[in-house]
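Scroll down for the structure; my scribbles are underneath it.
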Amino acid sequence: DAIAEAIGDRRLTAIICTHAHNDHIDAAPALAERTGAPIWLHPDDLPLWKQTHPDRQPDHWLADGQVIETAGVDLTVLHTPGHAPGAVCLYDPGLGTVFTGDTLFAGGPGATGRSYSDFPTIIDSIRDRLLALPPETVVRTGHGDSTTIGAEAPNLQEWIDRGH
């Protein structure tokens, strides 16, 4: 209801899941039913998806490098495993923004203590995929405050040393 209320009279064309942990996908099937919007997920997260929604498959699969056009914006899918095997971020250089789900937060990587998560893998994803973006890129996280690539990049070694 809260998501539908936020959408208001606008048309929802897709429900893009950055990963399939339950706190990010619980409402996806109900929202899809209510709006007719298809659900998109990276196939590597299907085992996680099935834990929450065993009787409903996503409608479409996300792929690394795929470009999703919506509302005049071109979002490029960046496969960033680690927090979850099929975790993705959505980047638009025109907006100067990357939506990171739970891959990168203000202050460090997403948690890797859950099933199907892996700390070395999330570090590789952040180093190779996200920190390669322009430093002024705004990071819109799945939880909490926004940050920038430039603000987070100097902390990579600290995160590695910390180990979580």
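The values are calculated or read from the model by the stated rules, or taken from the named source; none is laboratory data. Note that the structure is a prediction, hence the values are computed from the model and not measured. So basically every Cβ, Gly included, is an ideal-geometry build from the backbone, and we count neighbours across all protein chains shown. For the accessible areas, the whole protein counts, side chains as well, though only heavy atoms, and no ligand, DNA or RNA atoms are used. Shrake-Rupley method; radii C 1.70, N 1.55, O 1.52, S 1.80 Å.
Before moving on, here are some points about what is shown:
The rows are residues; the columns are (1) in contact with a Phe, Trp or Tyr (Cβ under 9 Å, 6 or more places away or on another chain); (2) modelled with pLDDT of 95 or more; (3) among the small types (Gly, Ala, Ser).
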position: 18; (1), (2), (3): yes, yes, no
position: 31; (1), (2), (3): no, yes, no
position: 74; (1), (2), (3): no, yes, no
position: 97; (1), (2), (3): yes, yes, no
position: 101; (1), (2), (3): no, yes, yes
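- Selected residue (criterion: modelled with the highest pLDDT) from residues of segment 60-70 that are more than 24 Å from residue 121 (Cα to Cα) and open to solvent by 70 Å² or more (accessible area, probe 1.4 Å): 60
- Candidates in segment 33-51 are the residues that are open to solvent by less than 20 Å² (accessible area, probe 1.4 Å) and part of a helix (DSSP H, G or I); of these, the one that is farthest from residue 85 (Cα to Cα) is 49.
- Extreme residue, most open to solvent (accessible area, probe 1.4 Å), among residues of segment 1-16 that are among the hydrophobic types (A, V, I, L, M, F, W, C) and assigned to a loop (DSSP other than H, G, I, E, B): 12
- Filtering segment 71-112 to residues that are open to solvent by 40 Å² or more (accessible area, probe 1.4 Å), assigned to a loop (DSSP other than H, G, I, E, B) and farther than 16 Å from residue 142 by Cβ leaves 71, 72, 93, 94, 95.
- Hits in segment 113-139 (condition: open to solvent by 70 Å² or more (accessible area, probe 1.4 Å), free of Cβ contacts under 8 Å to residues at least 40 places away in the same chain and not small (Gly, Ala, Ser)): 120, 127, 128, 135
- Residue within segment 17-27 that is over 25 Å from residue 118 (Cα atoms), out of contact with any Gly (no Cβ under 9 Å at 6 or more places or on another chain) and not in a strand (DSSP E or B) present: yes
- Some residue of segment 122-144 being within 16 Å of the chain's Cα centre (by Cα), part of a loop (DSSP other than H, G, I, E, B) and more than 22 Å from residue 62 (Cβ to Cβ): yes
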